[in-house]
Amino acid sequence: MQCEPKGFDYYHILWDQGDYYNPEFRSKNSNGKYIKEEGYATTLTTDHAIEFLDHREKDKPFCLLVHHKAPHCNWMPEPKYLTLYEDVEFPYPETFYDAYATRCDAARTQEMRIENDMTIVYDLKVDELRNVAPYSNDPHMNSWIAGLERMNPKQREAWHAAYGPVNREFIDRKLTGDDLLQWKYQRYLRDYLRCIKTIDDEVGRLLDYLEKEGLMENTLIVYTSDQGFYMGEHGWFDKRFMYEESFRTPLIIRHPGQVQRGGVCDALV
């Protein structure tokens, strides 16, 4: 995206929504170019945020917006978390097997079902089936291949070491029906939560910085996101339907002396 951020003294912006591995950033010093940086998008974004805080005019107030690429489909976890939660069986939402009997036609005909619409290669990362029909018809195949090709050799080696054995076991089991549906859900949720773990780490790193610099008591902190997401509710993934699970977004505010600790606001915001 070739827009120039307006009104900012400092910025590092990703190309489009950005890539998880070795993404391109554009800054005030890059002469309008997006320059590839080695690393993982979530940690790199935090690095740039702290870079700003380190070099700001410290006798003036500041406003810092830290917008992470993660979590966004398709979840691609940080290398150190590629096997995190692999031994965890996550619970299924109450509406996981929703038959849509009481739902409107739009709910019955959407294309967000884990069972029918979640892809084996792009969404679930079973790269071993990339060239096997019908999986080779994945409409996001080019994006998937490009994502793998962005990795450096060390990252790619870690990726295949983590996913390869699990993928081969999945292929050998030849799952069908509810067994296949449940496997897809568990794989998808594990990858999502692996990406969230890095978000937690990096938000924590920013808070630790503010604490270390004595800024916590004089800084308004707002934590929010763009939209909610279906994590198996109604048998869905994605976000394109206005039920409560997707409609709700987090909004947490910390402002010592101004915002009551543990308070809840019921207003529309």
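The values are calculated or read from the model by the stated rules, or taken from the named source; none is laboratory data. Quick caveat, the model's predicted, so the values are computed rather than measured. So basically every Cβ, Gly included, is an ideal-geometry build from the backbone, and we count neighbours across all protein chains shown. SASA here: full protein model, heavy atoms, side chains in, ligands and nucleic acids out. Shrake-Rupley method; radii C 1.70, N 1.55, O 1.52, S 1.80 Å.
For the chain, give the percent of accessible area contributed by carbon and sulfur heavy atoms, probe 1.4 Å, rounded to a whole number. Walk me through the numbers on the way to the answer.
Numbers: 8360 of 16220 Å².
In the chain, the share of accessible area belonging to carbon and sulfur is 52 percent.
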Accessible surface, segment 1-136, averaged per residue in Å² (probe 1.4 Å): 59 Å²
Over segment 1-113, volume per residue of the alpha carbon convex hull, in Å³: 204 Å³
Rg over Rh [alpha-carbon atoms, Kirkwood Rh] for segment 74-133: 1.06
Helix-only [θ]222 nm of the chain, DSSP H runs n ≥ 4, -39500 (n - 2.57) each, per residue, nearest 500: -11000 deg cm²/dmol
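Is segment 53-177 best put as rounded, prolate or oblate by its Cα gyration tensor, with a ≥ b ≥ c the root eigenvalues, rounded for a/c under 1.5, and otherwise prolate when a/b is larger than b/c, oblate when not? Walk me through the intermediate numbers first.
Numbers: a/c = 2.08, a/b = 1.34, b/c = 1.56.
The shape class here is oblate.
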Protection proxy ranking of 43-52, 135-144, 162-171 - average other beta-carbon atoms within 10 Å, highest first: 43-52, 162-171, 135-144
Estimated distance in nm for a label pair at ARG108 and ALA161, the labels positioned 7 Å out from Cα along Cα-to-Cβ: 5.1 nm
Computed over segment 154-216, Kirkwood Rh from alpha-carbon pairs, angstrom: 14.6 Å
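Sorting check: for 73-85, 102-114, 247-259, which peptide has the highest mean count of neighbouring beta carbons within 10 Å, and how do the rest follow? Walk me through the numbers on the way to the answer.
Details: 73-85: 19.5, 102-114: 12.7, 247-259: 11.1.
Descending mean neighbour count gives 73-85, 102-114, 247-259.
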Segment 162-246, accessible area per residue, ligands and nucleic acids excluded (1.4 Å, Å²): 51 Å²
The chain, relative contact order in percent, only Cα pairs under 8 angstrom and at least six apart counted: 20 percent
Rg/Rh ratio calculated on Cα atoms of the chain (Kirkwood radius): 0.99
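Using 0.36 nm times the number of residues separating ILE35 and HIS55, minus their current alpha carbon distance, what extension gain do you get? Present the calculation step by step, with values, prior to reporting the outcome.
Working: separation 20, 0.36 × 20 = 7.20 nm, distance 2.10 nm.
Additional length available on full extension: 5.1 nm.
Using the Cα gyration tensor of segment 181-269, with a ≥ b ≥ c the square roots of its eigenvalues, what is the shape: rounded (a/c below 1.5), prolate (a/b larger than b/c) or oblate (neither)?
Working: a/c = 3.77, a/b = 1.63, b/c = 2.31.
Oblate.
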Folded to 0 to 90 degrees: helix 153-173 orientation relative to the chain principal axis, Cα: 30 degrees
Theoretical FRET efficiency, 1/(1+(r/R0)^6), r = Cβ-Cβ of TYR11 and LEU251, R0 22 Å, to 0.05: 0.40
